[in-house]
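Notes follow once the structure below has been shown.
Since every read-out is calculated from the coordinates, none of them should be taken as a lab result. Source: prediction; values computed, not measured. Positions of Cβ are generated from backbone atoms using ideal geometry, with glycine treated the same way; all protein chains shown enter the neighbour counts.
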Amino acid sequence: MSKKYGIIGFEYALPTYYISHDDLAHETSSDPNKYKIGLDLHEMGVPSPKEDVVSLALTATKRLLKKYNVNVNAVGKVEVGTESNFDTSKSIKTYIMQLFENTKIQGADTTNACYGGCNALINCLTWVESRFNHENKMAIVVCTDISVHNFLPAVPTSGAGAVAILIGENPVFRVHDIMSHYSTNTYDFCKPISNFPYCILDAPISLDLYLKAFKQCYNDVKNTYKFDYMCCHTPYPKLVKKALVSCDVDPEIAEKSLIAGRRNANSYTVSVFLSLISILSHDVKIGEKIGLFSFGSGCVSTIMCLEKVADGCDDFSDFNIRLDKRIKMDPKRYLKMIQSKHDLKDYVPIDDVEIDGFYLESISGYKRSYKYN
C-alpha cells in the first residue's frame, strides 16, 4: 500500500451488558478457574434484546462520522465484515446507508467466519488508491457481530460489538504491502441457515487450524517486520499466547491487546480490531509496528503490518472505562435468552434499559425499524 493512504481512525460500540465468568461458573456448576485460568477469560459481552448487528454497526459508524467530522459526500465506499447477518440477501451495509444522504457509495458485506472484517479492510485499502476511486474519496470498514452459542463449553467465549474504520489520505497508520495468508477447505466451524444464529463447531480441529495458520503466516513475515505489538483474532486469550509461543515469540508482545478478549470475549470479526483498540488505549509511538493476525474458520487468515506514521488514534485511554459502563447481567437470564430464538418476521424486543446509541424498535413483516438515543 502507498504511503499516501491508510487508516485515519477508529470508533467502536460495545454491547450494553456483560456477564462475569465467576457468575457464569456458579450458575452452571463449573470451576471458575476453567474460564479464568484455562482460557484467560473474565467477562463476556452480551447485547440487549434491543441490540442486533445492525444497531451496533449503526452506532459505531455514527460515532466514527462524528469523531472525525466526516463529510458524508466524501465517502465513496462502505464495506461490512460480519458472520451474523440474519438475512441471506439484504446486506448490513444497506442499513448503514441511512446515516448517509450520499447515495453514491459502493460496497456490500463480506463473510467468512471471523475473517470478514480483515477482508473488508484489504478491499477498502485497495480501492482508495485504485483507478476506481477517481474522485479521491474515503472508505469506511465496519465490522459487526454477535457471537452466541447454545452448548455450554462454548458459551463463555460469546461476545459482541462493532468497530468502524476510516480509510483515506494522510493516515495515522500505514498498512504495509507485504502480507501473508493461509487458506484451506475445512469443516472446523460452520453456521447453516437452519441452525442460525448458532454454529456447529469442531473445537479441536478449529484450534489446531488456528495454530497452523498463525505459524505459517508469522514465519512468512518474521524476517520482514520487527513487530512492537501483536493483536490477533482472540477466541480466548490463552490461545493467542499459545500461538505466539509456538513461534518462539514472547507472548508479552500481545499482552496489551488482550484487554478486549478478557473482558468482551470473542466478538467474531470485531475481535481482532477490539484487540487493536486495546493496544491503542496505551501509548503507541510513531514508527512502531503492530502485527495484526486475522483468522476465520473454514478457513482464511492473514497477517499484516500496521505502522504508525503520524499523530492520532491516541484517544482510546477510556477503553476500560467504557467496558466498566456496561451493565452486569444475571447469567440465568442470559442462558434462558440463548435457548430461544425470536421471530424474525414480527417481533418487538423488550428491555427496560436505555440503549446508548441505536436500538431495534421492532420487526414487522421482516422489516426492521431502528431508533437512536
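Could you work out the local net charge near Gly107, counting Lys and Arg as +1, Asp and Glu as -1, over the other residues with Cβ closer than 9 Å to its Cβ? Before the final figure, lay out the partial values.
Values: positive: Lys77, Lys93; negative: Glu79, Asp109.
Result for the local shell: 0.
Using the count of nearby Cβ atoms within 10 Å as a rough guide to exposure, how do Val128, Val141, Val72 rank from fewest to most? Display every interim value, and only then the final one.
Working: Val128 24, Val141 31, Val72 13.
So the residues, fewest neighbours to most, are Val72, Val128, Val141.
Over 18 Å between Cα atoms, which of Lys50/Lys367; Lys191/Lys328; Lys67/Lys325; Lys34/Lys242; Lys104/Lys137; Lys77/Lys367 qualify?
Values: Lys50/Lys367 15 Å; Lys191/Lys328 29 Å; Lys67/Lys325 20 Å; Lys34/Lys242 16 Å; Lys104/Lys137 11 Å; Lys77/Lys367 24 Å.
Too far apart for the 18 Å limit: Lys191/Lys328; Lys67/Lys325; Lys77/Lys367.
If amide H atoms are built 1.01 Å from N in the plane of the peptide, which residues on other chains or at least 5 residues away come under 5 Å of the amide H of Val70?
For Val70, whose amide H was placed from the backbone, there are no distant partners under 5 Å.
What are the aspartates and glutamates whose alpha-carbon lies under 20 Å from the alpha-carbon of Lys226, with same-chain residues fewer than 8 places away excluded?
Qualifying aspartates and glutamates at Cα under 20 Å: Asp177, Asp248, Asp250, Glu252, Glu255, Asp283, Glu288, Glu307.
Dividing the Cα radius of gyration by the Kirkwood radius, what Rg/Rh value follows for the stretch 22-124? Before the final figure, lay out the partial values.
Working: Rg = 17.9 Å, Rh = 16.2 Å.
Looking at the stretch 22-124, the ratio lands at 1.11.
When a/c reaches 1.5 or more, the comparison of a/b and b/c decides; with that in mind, is the stretch 175-308 rounded, prolate or oblate per its Cα gyration tensor? Before the final figure, lay out the partial values.
On the way: a/c = 1.92, a/b = 1.48, b/c = 1.30.
Here the stretch 175-308 falls in the prolate category.
What is the packing order of peptides 93-104, 155-166, taking the mean over residues of other C-beta atoms within 10 Å and listing the highest first? Present the calculation step by step, with values, prior to reporting the outcome.
Numbers: 93-104: 15.5, 155-166: 27.8.
With the highest mean Cβ count within 10 Å placed first, the list reads 155-166, 93-104.
Report the net charge of residues surrounding Ile205, where surrounding means a beta-carbon distance below 12 angstrom and charges are Lys +1, Arg +1, Asp -1, Glu -1.
Numbers: positive: Lys212; negative: Asp188, Asp202, Asp208.
Neighbour charge sum, excluding Ile205 itself: -2.
Using mean Cβ contacts within 10 Å as the protection proxy, how do 317-323, 280-286, 12-18 order, highest first?
Values: 317-323: 14.0, 280-286: 16.3, 12-18: 25.1.
The densest-packed peptide leads the list: 12-18, 280-286, 317-323.
Taking the Cα atoms of the chain, what is the range of coordinates along each of the three principal axes, in descending order and whole Å?
52, 51, 40
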